[in-house]
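These notes are about the structure you will find just below.
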Amino acid sequence: MEKELPLEKTALKILILEDSIHDVELLTEILSDSAFNLDLTHVENEAEFTSALQENKFDIILSDFKLPGFDAFGSLEICKTICPEVPFICVSGSIGEETAIDLLKKGAVDYVLKDRPERLPFSIKNALADAKVKAAHILAVRKLKENENRFRQVTESAQEWIWEVDTNGLYTYSSPVIESLLGYTPDEVVGKKYFYDFFTPENREELKKTAFEIFSKNGILSNFENINIHKNGQLVYMSTSGSPVFDDSGNLTGYRGADEDITESKKAEKAIIESQRLSAIGEMSSAVAHDFNNSLQSITSYIELALLNTDLPESVRSYLETANTSASDAANRIKLLQRFSGKKQIENQLNSVNINLLINEVIIQSRPLWKDSAEKNGIVISLETDLKNVEDINGNASELKSVLYNLIKNSVEAMPKGGKIKIETGELNEDVFVRISDTGTGMDEDTKLRIFQPFFSTKGYETGRGMGLSGAYSIIKEHKGEIYVKETAPDKGTTIEILLPVFFEDEEKIEKQKVPTYKGITKILWVDDDPTIREAALQILEVLGHKGDLAESGLNALELLEKNQYDLVFTDIGMPGMSGWQLCDIINENYPGKINLAVLSGWSAEINEEKKKQHGVKYVLEKPFNMGQLKELIDKAMQ
């Protein structure tokens, strides 16, 4: 009689062939205490056993040795006929060692004595694991045999590189795709190359070890990523998948699989990661730049006020002017952060620049790179110039300094054993050229074509620090110029040339940009939570001939607006309690069309035309500003 033993959960389906109810209950108790979720079926004789196997699918079979009318040898044969893949375990009293061995030889996976039932869960676990491995092997062998006749035809037309290796990893077959993938013909590979010969030296041993560990377990290679070296020296990223190959006796003879070129997807993945990194840096840059610009505003304002003193000793005046220039350079560096953050493409303020003077400044600035640090490491790098008398160019001095500095840095990094850097200038048609040459490692053709691409770097020429050549390319393009690799070759050095337009004053444009000086006295309200900026602004307004009141917050500003009339309100954007934008909204609502509004910002990337229009703001004054810029804005607002 067949009887179901119900449990709360079903996962592992077990068929128990046992004529003793007591023993069935014992087995059920043992298995219920184990980690298995069980679905048990109990049968007592041959007919029930055969019927259960034919009508159901089981994960494991437990059989008593001695049964009415037949024994475990008989039940094992029935099992091998109907479901040979299901593990068969004999659970019995003492049957003798020879009988047990005979059962195992005929196909039983284990036997467990009834007086040691605690072994049963472990026996089942091992049997299931073995069955899983055998099933995978049987499936792999079956599939490989089914496809053997079609294998060559498929490999010839496949886009992936199809290969076979023996147990030592030596190639025994290679499809023709390898030639386009790695530059080798099949004849150069089969019988001559091992799979790990193509790996990069720095990764070879680790990847080789990982692969052979999989081989030792007859495991499956699935999306095994590796970096290989093309015959021409280029790196090729590949994803490898493969399965073990067995002979008719089940012995491992090697592996067969396919490699897919994933170089482009790896580049795209790297670009995405880099983009995310830059985005995070950009967010951080926003906060840092805002604070820096506020600090620079205080510095530059008080320097300008100090320079108004006609009794200053010349040495002190010189110190202050140098400090003011450095502060201006720092402000331009912050503008570079805006570009780097991707928040806003800033528009260069281009002026007349003497490129030769700029180069000499950068040479002095970069001396620690090519002179001091190099000599400390026993490296000799010489730097010479050939600067012709050229016209001034149209440019932003601070940004061009950054480009020149980074090109010198790249040249130094390309000469780890020392060498020579040469900087030349001259005129070419209507442009001024700057050439920076070095005797370093040089570049191959592929690197030359990609060196100005975002996120591209090489260990020898561009280490990924600083702005990189893509940043230099962006800056030169904004100057309406060109930058390109003029000459290079591996181990032959590199020459990079920059072309910049000669400075030209557009009289019509200058005339349009001129703002007539406002002759009257303007009543101005200045709103800023930074006391040093407020006080400096008040003094500058007085110097410019205007009257000013100060407010430390939006609420304070609204109180002053109720008591006084103002022509112009300057408000910082980021203030506690009430933002500058909120203050502008309230002013527009309470005094529509009566007061000109200008916002102050230490991070202009947060401002656009749509936002200005939304809050009724006409003017933006970007920190750090100088006295001339403030005067120009007031004149413009009051016309």
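Quick note: the coordinates plus some simple rules give every number you see, no bench work behind them. The structure displayed is predicted, hence computed values, not measured ones. Neighbour counts run over all protein chains shown; Cβ positions are idealised from the backbone, glycine included.
The Cα atoms of segment 158-261 cover 42, 27, 23 Å along the three principal axes, with the biggest extent listed first.
Entry note, segment 3-134: relative contact order of 23 percent, from Cα contacts under 8 Å with a spacing of 6+ residues.
Taking packing as the residue-averaged number of other Cβ atoms within 10 angstrom, the listed peptides 202-214, 119-131 run from highest to lowest as 119-131, 202-214.
Taking Cβ atoms as reference points and 11 Å as the exclusive limit, the residues near D528 contribute a net charge of -3, counting Lys and Arg as +1 and Asp and Glu as -1. Mean residue ellipticity at 222 nm, helices only, the chain: -14500 deg cm²/dmol; runs of at least 4 DSSP H residues each add -39,500 (n - 2.57), and the sum is divided by the number of residues. Which label belongs to the value computed from this structure, given these candidates for percent of Cα pairs over 46 Å apart: (1) 52; (2) 57; (3) 34? This structure yields the entry labelled (1). More than 21 Å apart: what percent of Cα pairs in segment 9-82 qualify? Here the tail beyond 21 Å accounts for 23 percent of pairs. Once both labels are positioned 7 Å from their Cα atoms along Cα-to-Cβ, the gap between I364 and D197 label points is 5.9 nm. Of all DSSP-defined beta bridges confined to the chain, some 60% are antiparallel rather than parallel. Remark: the T385-T310 segment gains 23.0 nm on full extension, using 0.36 nm per residue and subtracting the alpha carbon distance.
If R₀ is 41 angstrom, what is the calculated FRET efficiency for the pair E535 and A268, using the beta carbon separation as r and rounding to 0.05? Show your work: numbers first, answer last.
Details: r = 53 Å, r/R0 = 1.29.
Once rounded, the FRET efficiency stands at 0.20.
Do the alpha carbons of any pairs in K143/K217; K270/K448; K132/K266 sit beyond 26 Å of each other, and which pairs? Too far apart for the 26 Å limit: K132/K266. Fully extending the segment from N56 to S216, taken as 0.36 nm per residue of separation minus the present Cα-Cα distance, adds 54.0 nm.
Please compute the net charge surrounding G191, taking Lys and Arg as +1 and Asp and Glu as -1 over other residues with Cβ under 15 Å from its Cβ.
My count for the surroundings of G191 gives -3.
Taking all Cα pairs closer than 8 Å and separated by 6 or more residues, the relative contact order of the chain comes to 7 percent. Calculated on the alpha-carbon coordinates, the convex hull of segment 510-638 measures out at 112 cubic angstrom per residue. Using a/c under 1.5 as the rounded threshold, could you call segment 3-134 rounded, prolate or oblate? The axes a ≥ b ≥ c are square roots of the C-alpha gyration tensor eigenvalues, and prolate needs a/b larger than b/c, oblate otherwise. Note, shape of segment 3-134 comes out rounded. Taking a point 7 angstrom from the Cα of N126 along the C-beta vector, which residues in segment 41-68 have backbone N less than 15 Å away? No residues fall inside that zone.
Note on segment 53-108: the alpha carbon radius of gyration divided by the globular reference 2.2 N^0.38 Å gives 1.09.
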